[in-house]
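Colleague: After the structure tokens below, expect a handful of questions from me.
The values are calculated or read from the model by the stated rules, or taken from the named source; none is laboratory data. Keep in mind that what you see is a predicted model, and the values were worked out from it rather than measured. Ideal geometry is used to build each Cβ from the backbone, glycine not excepted, and the neighbour counts take in all protein chains shown. Side chains included, ligands, DNA and RNA excluded: accessible areas come from the protein's heavy atoms. Shrake-Rupley method; radii C 1.70, N 1.55, O 1.52, S 1.80 Å.
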Amino acid sequence: MLSAGAVNALIVELRSPDVTAARADEIKSEIVEGHQGLIRHFIRLRDPQLYEDLVQIGTIGVLAAIDKFDIGRNVSFGTFAGEHIKGELSHFYRDDGAIRISRSVKSHLSQIRAAQDAFIAKNNAQ
């Protein structure tokens, strides 16, 4: 993992008006490569069959963090990127169904299942 100072220096260089597109790509690649351990940290407990997909999703999170990171705040890039990685993974798992189910329905699903189980238990006992 890159040090906080190294990442900050790379982001400052990335945002300078003199940076070429090729150098910008190199900088982003270097930051992403330096944070592969962080990506693996967040996907280690997930489905191993989806490993390559999850690495790509984690990489998207790091790239989003690069674009949104504010050096002026007193937060390390790794902490900031970690939150973006977790968010991208959550979006993937939430939205990866065959049918899109709204968040409100998903949040009430446990209550619906409990009521259904109580109804079945009550009516089967009689």
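Colleague: Can you list residue pairs whose Cβ atoms sit under 7 Å apart, with the first residue in the range 11-23 being of a type in the set (A, V, I, L, M) and the second being exposed (fewer than 12 other Cβ atoms within 10 Å of the Cβ)? Count only pairs 6 or more apart in sequence or on different chains.
Modeller: Note: no pairs meet the criteria.
Colleague: From (1) without any contact (Cβ under 8 Å) to a residue 40 or more places away in the chain; (2) within 17 Å of the chain's Cα centre (by Cα); (3) open to solvent by 40 Å² or more (accessible area, probe 1.4 Å), pick out the condition that doesn't hold for Arg46.
Modeller: (1)
Colleague: Now a separate question. Here are the criteria: (1) closer than 15 Å to Gly87 by Cα; (2) touching a residue at least 24 places away in the same chain (Cβ under 8 Å). Tell me which single one Gln56 does not satisfy.
Modeller: Evaluating Gln56 over (1) closer than 15 Å to Gly87 by Cα; (2) touching a residue at least 24 places away in the same chain (Cβ under 8 Å) leaves (2) as the failure.
Colleague: May I pose another question? If you check Lys106 against the conditions, is it among the basic types (Lys, Arg) and either more than 14 Å from the chain's Cα centre (by Cα) or within 16 Å of Ser3 (Cα to Cα) (or both)? Before the answer, list the steps.
Modeller: Details: among the basic types (Lys, Arg): yes; either more than 14 Å from the chain's Cα centre (by Cα) or within 16 Å of Ser3 (Cα to Cα) (or both): yes.
Against the criterion (among the basic types (Lys, Arg) and either more than 14 Å from the chain's Cα centre (by Cα) or within 16 Å of Ser3 (Cα to Cα) (or both)), Lys106 qualifies.
Colleague: If I filter the range 88-106 down to residues being modelled with pLDDT of 80 or more and of a type in the set (A, V, I, L, M, F, W, C), which single residue comes out as most open to solvent (accessible area, probe 1.4 Å)?
Modeller: Of the range 88-106, the ones modelled with pLDDT of 80 or more are 88-93.
So of that shortlist, the ones also of a type in the set (A, V, I, L, M, F, W, C) come out as 89, 92.
Values: Leu89: 1, Phe92: 48 Å².
Among residues in the range 88-106 that are modelled with pLDDT of 80 or more and of a type in the set (A, V, I, L, M, F, W, C), the one most open to solvent (accessible area, probe 1.4 Å) is Phe92.
Colleague: Take the conditions touching a residue at least 40 places away in the same chain (Cβ under 8 Å), among the hydrophobic types (A, V, I, L, M, F, W, C) and under 13 Å from His35 (Cα atoms) and apply them to Ile66. Does it pass?
Modeller: Numbers: touching a residue at least 40 places away in the same chain (Cβ under 8 Å): yes; among the hydrophobic types (A, V, I, L, M, F, W, C): yes; under 13 Å from His35 (Cα atoms): yes.
So Ile66 passes the test.
Colleague: Output the qualifying pairs, or none if there are none: Cβ atoms under 8 angstrom, residues six or more apart or on different chains, first residue in the range 82-95 and free of Cβ contacts under 8 Å to residues at least 40 places away in the same chain, second residue part of a helix (DSSP H, G or I) and of a type in the set (Val, Ile, Thr).
Modeller: His84/Val62; Glu88/Ile57; Glu88/Ile60; Phe92/Ile57
Colleague: So, one more: Just to check your reading of the model, which residue among Phe119, Phe69 is among the hydrophobic types (A, V, I, L, M, F, W, C) and either touching a strand residue (DSSP E or B) at 6+ places or on another chain (Cβ under 7 Å) or open to solvent by 90 Å² or more (accessible area, probe 1.4 Å) (or both)?
Modeller: Numbers: Phe69 fails: either touching a strand residue (DSSP E or B) at 6+ places or on another chain (Cβ under 7 Å) or open to solvent by 90 Å² or more (accessible area, probe 1.4 Å) (or both).
Going through Phe119, Phe69 in turn, just one is among the hydrophobic types (A, V, I, L, M, F, W, C) and either touching a strand residue (DSSP E or B) at 6+ places or on another chain (Cβ under 7 Å) or open to solvent by 90 Å² or more (accessible area, probe 1.4 Å) (or both): Phe119.
Colleague: Any chance you could count how many residues in the range 68-92 are closer than 20 Å to Gly5 by Cβ, assigned to a helix (DSSP H, G or I) and acidic (Asp, Glu)? Give the steps one after another, and end with the answer.
Modeller: Within the range 68-92, the first condition is being closer than 20 Å to Gly5 by Cβ, and the residues that meet it are 68-82.
When the remaining residues are screened for being assigned to a helix (DSSP H, G or I), the result is 68, 77-82.
From the residues that got through so far, the ones that are acidic (Asp, Glu) too are none.
Residues flagged as closer than 20 Å to Gly5 by Cβ, assigned to a helix (DSSP H, G or I) and acidic (Asp, Glu) within the range 68-92 amount to 0.
Colleague: Okay, moving on. Do we find that Val7 is buried (at least 18 other Cβ atoms within 10 Å of the Cβ) and touching a residue at least 60 places away in the same chain (Cβ under 8 Å) in this structure? Steps first, please.
Modeller: Working: buried (at least 18 other Cβ atoms within 10 Å of the Cβ): yes; touching a residue at least 60 places away in the same chain (Cβ under 8 Å): yes.
For Val7, the condition - buried (at least 18 other Cβ atoms within 10 Å of the Cβ) and touching a residue at least 60 places away in the same chain (Cβ under 8 Å) - is met.
Colleague: Looking at Ile60, Ile85 in this structure, which one is closer than 27 Å to Asp95 by Cα and either of a type in the set (S, T, N, Q) or open to solvent by less than 60 Å² (accessible area, probe 1.4 Å) (or both)?
Modeller: Ile85
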